[in-house]
1. May I ask you to compute the full-extension gain from Asn483 to Ser404, defined as 0.36 nm times their residue separation minus their alpha-carbon distance, rounded to one decimal in nm?
2. Report, by chain and number, residues whose modeled amide H sits under 5 Å from the one on Lys188, excluding near sequence neighbours (fewer than 5 apart, same chain).
3. Amide H of Ala489 versus every other amide H placed in the peptide plane: which residues, excluding those fewer than 5 positions away on the same chain, fall under 5 Å?
4. At 7 Å along the Cα-to-beta-carbon direction for both Glu171 and Arg435, put a label point, then send me their distance in nm to one decimal.
5. Which ³J(HN,Hα) values, rounded to whole Hz and listed in residue order, are derived for region 131-139 from phi using the Karplus coefficients 6.51, -1.76 and 1.60 in 6.51 cos²θ - 1.76 cosθ + 1.60 with θ = phi - 60°, glycine and proline given as x?
6. Two decimals is fine: what is log10 I(q)/I(0) at q = 0.11, 0.12 Å⁻¹ for region 365-518, from a Debye sum with one equal scatterer on every Cα and no solvent?
7. Semi-axes of the equivalent ellipsoid for region 453-507, please: Cα gyration tensor eigenvalues, times 5, square-rooted, ordered largest first, whole Å.
8. Applying the Karplus parametrisation 6.51 cos²θ - 1.76 cosθ + 1.60 with θ = phi - 60° to the phi angles of region 168-182, what ³J(HN,Hα) value in whole Hz is obtained for each residue in order, glycine and proline being reported as x?
Amino acid sequence: VESMWSCGSARSQSFLTFWKLLLSCCSLSIWRSNGGQIETQGPDEPGGGGGLATGGEDEEDEDFIEDSEVEELFQQQGLPGIVGEGQHRVFIVHPDVKWGHRKQHLTTAELMMAEAVGLVNTLDNWRVVDKIILSTKTPEKKKIFGKGNFQLLTEKIRQTAGITAVFMNVERLSPLSEREFEDAWGVKVFDRYSIVLHIFRCNARTKEAKLQISLAEMPLLRSRLKNEMANLDQQGGGSRYIGGSGETLYEVQQRLLKEREMKIRSALAKLQKKRHLLRSQRKHKEFPVISVLGYTNCGKTTLIKALTGDSGLQPRNQLFATLDVTVHAGQLPCRMTVLYVDTIGFLSQLPHQLIDSFSATLEDIKHSDLLVHVRDISHPETVNQKANVLNVLKNLQIPDQLLSSMIEVHNKTDLINNYECLEPGALPISALEERGLDKLTKVVEEEIIKSTGKQILDLKVNLSTNQLSWLYKEATVQEVQVNADEGSALVSVIISTAAYGRYKKLFGGSSYMPRACA
């Protein structure tokens, strides 16, 4: 194969590329020769190194997914079109659809271009060298643009020195379109799917995020493989069989990708069980859960840091800085402990495959007691960003009751002189300067008490019984004032309606009085 490379012909280079593709997808399998056929060794076979480790007492441990196994599933595949390491000098093209159902009504081409520039600048060692907005009437066509505009674009790209990639600012490019563009321009071509996916890859930290990204890469891997096979077929090299196995090269490659996808889904299922267990534990302990959500880079992490005082949180002024759902404990004015969930940021035209891959993560939103929607009110596209967030929530089938109680927060008011909030019910704040947080926590407290059915009560208990220990176990004890002479205590508790019903059934109608939050 290497000798073929030295020949330098297009056919030999394409053939070498194919074999690199074939070998790159075999990293999860052990290949062996058996009667002229090639087989893969599964996870349950002796010596199989590609499967998830199972067996013994560790099967009960939901975290028994080795880091090395996750890293293996997270490996970059090296397929053409998948964004690789290193740096790129990028030319951005934004197709401006003038009419039809694809026309953007809540934004402008200039703002969409600005977001595309922001995506590229998020990546280290990537630089935008030029950009262009071109109108189109045929965005669904293979070349997206008409003949005249496509020729104009081709000339501009060829005349711009140092370009290593073109970013076509559309949700997804078909394999045919990508191939057409790369043939015409001689550089790699990316769409929003591949760029956002690479940003995700760079920011992934936990096992779950890495596995979700690996799953989101599968459609891209398949389309790139199909594209490469089309090149080989044109040169007569794509239909050969492997060692008499009866499988074409393309079929072997597809089978390996399917096996890899099954392993990723199996690993994610284990982590999802652990997430469900953690959810159940929170519910049992009756910690109210508040999901903080919003468009990417709206200031969610900064707000949670301000609300909880968690010094470990390090917000970054960067798109998709938070990929891994994290939970942080904080206290409301009544001293009620709540859990703030920092969620992944949303984006306009975020491909559905990415949303589907992160559905397990986003499912935390559905199980919350309250949603807090954070908006960057200083952003020129804040109205469009709100519409996109609400659209994603609608697609996630969030319960109507949860949506109707959602608190909308207008963040980054410090960037606007004399900001006046004109939207009813919205709360203006500056998370960075910690302005407006007292009112926010007060509203959050009221909504949490309403949504969870909790009450804040002062209960008089007899210290000679196990009332106090029961309250510590089943409710949140805020304060205990002991009256030694009477052998009693006045206990301030936050307790659910159900728990209070059990308390009365066990200990009778002890005197109590509701206590207002202060």
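1. Details: separation 79, 0.36 × 79 = 28.44 nm, distance 4.44 nm.
That pair, Asn483 and Ser404, stretches by 24.0 nm at full extension.
2. The list, which skips near neighbours in sequence, is Val166.
3. Hits under the 5 Å cutoff: Val461, Leu463, Asn483.
4. Distance between label points: 3.8 nm.
5. 7, 8, 10, 10, 6, 8, 9, 10, x
6. -0.61, -0.68
7. After scaling each eigenvalue by five and taking roots: 19, 12, 8 Å.
8. 8, 7, 10, 4, 9, 9, 6, x, 5, 5, 4, 5, 4, 5, 5
Quick note: the coordinates plus some simple rules give every number you see, no bench work behind them. Remember, it's a predicted structure, so these values are computed and weren't measured experimentally. For neighbour counting, all protein chains shown are included, and Cβ atoms are generated from backbone atoms with ideal geometry for every residue, glycine included.
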